[in-house]
Amino acid sequence: MRTPLFLLLAASAALAQTPRPGVNYDEAKVGSDPLPDLKLTTAEEWTQKRRPEILKLFEDNVYGKTPAGIGAPKFEVTATKTDALGGLATRKFIHISLPDRPAWPGMDVMLYTPNNVKAAPCFVGLSFGGNHAVSTEPDVPLSTRWMRESKEKNIVEHHATEATRGTESSRWPLEMILKRGFAVATAYYGDIEPDHADGWKEGLRAAVSKEGANTVWKDGEWGAIGAWAWGLSRIADYLQTDPQVDGRHLAVIGHSRLGKTSLWAGAQDERFGIVISNDSGEGGAALMRRDFGETTAIITKAFPHWFTPTYKSFAGNAAACPVDAHMLIALAAPRPIYIASAGEDHWADQKGEFLSGKFASPVYALFGKKGVGVEEQPAIDTPVGDFVGYHNRTGKHDVTDYDWTQYLNFAARHWAK
């Protein structure tokens, strides 16, 4: 009998904290396959030749290529509230649709901008629970889209209930962010594609495919992470038009599978001037060749829809993959990038996440910029790095105020230059 998706997802979250029999958590047993060569020469050659080569390798082997000719998005501001959060901010809802692809229901973006800033730099990310879960304001519309079953978050029969309001607000400390002078733009990732094996049939990928829900995905064609990353870029499209946002200063951010998404969005779309990965693990910031915690074999069995079909061919055969996570991190160069881990999150391989930043740092050196700046993984709660930031926070697989403090400081430091 097929295991329900919500049980698979719950098990995955639990494994982020709990050792699993048969999974390697021993540094003495990590993989020894050499990493693919970045082939460093000059900054100009990196930009003109090597970076496009690596980007294509990720398209072909990991995330798939975003199709061309999807069509121009339409933006409709559906509501504006100028005294949101007790007067601290202006809140807007923007519906993004594709007039040429009416089968896609579109996505609803929630944008908070601080009222004391003329044009604010903006953090852009997708949420797991919907806009109503991010904000504690009771007048935020309740999402009607498919969601993962969760007793903890009061999601019943795959739909949100009134009791789900604010359940993700600890991961999005809106007042903290706004008081530092930054805006926040977010949307529910399930608006783009519901996160289950057949979710694409009701989401963006079917709507833009000639075969629709009958599509058979081939090697090199995009998975859900590619679709979610496309959605982040459409939010950026809108933000370029909003006078309350500084469209030159956009930071893309994501946690866990959405951390993988933020890395891929940042790799493809250089309008994201800062890229932030929070506990993204395998298929994200963690080096796949280490085989520590979650592996390619595990993730492609549990969540094959996230990736292009090619990726599963590297299960148990990481040496055959022409890329690894340090190359994904390097695709952000010379833009600042921040990688965060959590001390209890062995499933996501904290050291593997640090090492990807370390081994990407020589690319930043081509541009005269300093990367992580240290040889060894730093002590817990000790942020390091300049253009490649890193910390390993006390606690579990989550996003906390500690994480956000580092991201806000990182953005303020780089955008003040």
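We did not get these values from a lab; they are worked out from the coordinates using the rules stated. Note that the structure is predicted; figures quoted are calculated from it, not measured. No Cβ is skipped: glycine too gets one built from the backbone with ideal geometry, and neighbour counts run over all protein chains shown.
Please compute the modelled spin-label separation between Lys151 and Asn317, points set 7 Å along Cα→Cβ, answer in nm with one decimal.
Those two pseudo-labels are separated by 4.2 nm.
May I ask for the equivalent-ellipsoid semi-axes of region 230-292, computed as the square root of five times each C-alpha gyration tensor eigenvalue and listed largest first in whole Å?
Numbers: eigenvalues 140, 16, 15 Å².
Equivalent ellipsoid semi-axes, largest first: 26, 9, 9 Å.
Taking the convex hull of the alpha carbon atoms in region 89-176, what volume per residue do you get, in Å³?
It comes to 113 Å³ per residue, whole-number rounded.
Restricting the count to DSSP beta bridges whose residues both fall in the chain, what percent are antiparallel, rounded to a multiple of 5? Show your work: numbers first, answer last.
Values: 23 of 50 bridges.
The antiparallel proportion sits near 45 percent.
Write down the Kirkwood hydrodynamic radius of region 303-363, to one decimal in angstroms, obtained as one divided by the mean of 1/r over all alpha carbon pairs.
Numbers: mean 1/r = 0.0758 Å⁻¹.
Evaluated on region 303-363, it is 13.2 Å.
In 10 Å bins starting at 0, how do the alpha-carbon pair distances of region 108-251 split up by percent?
12, 36, 33, 17, 3, 0
With both partners inside region 121-232, how many of the DSSP beta bridges are antiparallel, as a percent to the nearest 5?
Working: 2 of 8 bridges.
Percentage antiparallel, nearest 5: 25.
Can you spot the aspartates and glutamates whose alpha carbon is less than 17 Å from Lys151's alpha carbon? Ignore those fewer than 8 places along the same chain.
Glu162, Glu168
What FRET efficiency comes out for the pair Lys39/Ala68, r = Cβ-Cβ distance, R0 = 35 Å, nearest 0.05? Working shown, then result.
On the way: r = 27 Å, r/R0 = 0.78.
Efficiency, rounded to the nearest 0.05: 0.80.
Where does the charge balance sit around Thr300 when Lys and Arg score +1, Asp and Glu -1, over other residues with C-beta under 11 Å from its C-beta?
Details: positive: Lys301, Lys312; negative: Glu282, Glu294.
Local net charge: 0.
Inverting the mean 1/r over all pairs of different Cα atoms, compute the Kirkwood radius of region 24-85 and quote it in Å. Intermediate values should be presented prior to the final figure.
Values: mean 1/r = 0.0582 Å⁻¹.
17.2 Å is the Kirkwood radius here.
Mean shadow of region 55-131, computed from the convex hull of its alpha carbons, in nm²? Intermediate values should be presented prior to the final figure.
Numbers: hull surface 30.1 nm².
If I average the Cα hull's projected area over directions, I get 7.5 nm².
Give a residue-ordered list of calculated ³J(HN,Hα) values for region 101-110 (Karplus: 6.51 cos²θ - 1.76 cosθ + 1.60, θ = phi - 60°; whole Hz; x for Gly, Pro).
Once rounded to whole Hz, the list reads 10, x, 5, 7, x, x, 9, 10, 8, 10.
Going through region 142-214, which trypsin sites (Lys or Arg not before Pro) have at most 13 other Cβ atoms within 10 Å and a DSSP loop state? Can you show the working numbers first?
Numbers: sites: Arg145, Arg148, Lys151, Lys153, Arg165, Arg171, Lys179, Arg180, Lys201, Arg205, Lys210; in loops: Arg145, Arg148, Lys151, Lys153, Arg165, Arg180, Lys210.
Here the trypsin sites (Lys or Arg not before Pro) that fit, given the DSSP loop and packing criteria, are Lys151, Lys210.
When a footprinting reagent is the concern and you count Cβ atoms within 10 Å, what order do Trp217, Trp347 take, fewest first? Don't skip to the answer; put the middle values down first.
Values: Trp217 18, Trp347 28.
With the sparsest Cβ surroundings first, the list reads Trp217, Trp347.
Divide the volume of the convex hull of the Cα atoms of region 132-201 by its number of residues and quote the answer in cubic angstrom per residue.
Values: hull volume 6.8 nm³, N = 70.
Per-residue hull volume (Cα only) is 97 Å³.
Rounded to whole Å and sorted largest first, what semi-axes of the equivalent ellipsoid does the C-alpha gyration tensor of region 355-417 yield via the square root of 5 times each eigenvalue?
Numbers: eigenvalues 88, 50, 13 Å².
Taking √(5λ) for each Cα gyration eigenvalue gives 21, 16, 8 Å.
What percentages, rounded to whole numbers, describe P(r) for region 233-392 computed over all alpha carbon pairs with 10 Å bin width beginning at zero?
12, 40, 33, 13, 1
Counting only Cα, what are the radius of gyration and maximum Cα-Cα distance Dmax of the chain, in Å?
20.0, 57
Using only Cα atoms, what is the ratio of the radius of gyration of region 184-258 to 2.2 N^0.38 Å? Could the numbers behind the result be given before it?
On the way: Rg = 14.2 Å, N = 75, 2.2 N^0.38 = 11.3 Å.
With N residues counted in region 184-258, Rg over 2.2 N^0.38 Å equals 1.25.
Note down, for region 303-417, the three equivalent ellipsoid semi-axes (square root of 5 times each alpha carbon gyration tensor eigenvalue), biggest first, whole angstrom. It would help to have the intermediate numbers written out before the result.
Numbers: eigenvalues 123, 72, 34 Å².
The three semi-axes for region 303-417 are 25, 19, 13 Å.
Could you compute the net charge surrounding Asp386? Neighbours are other residues with a C-beta less than 10 Å from the C-beta of Asp386; K and R count +1, D and E count -1. List each step's numbers first, then the result.
Values: positive: Lys369, Lys370, Arg413; negative: none.
Its environment carries a net charge of +3.
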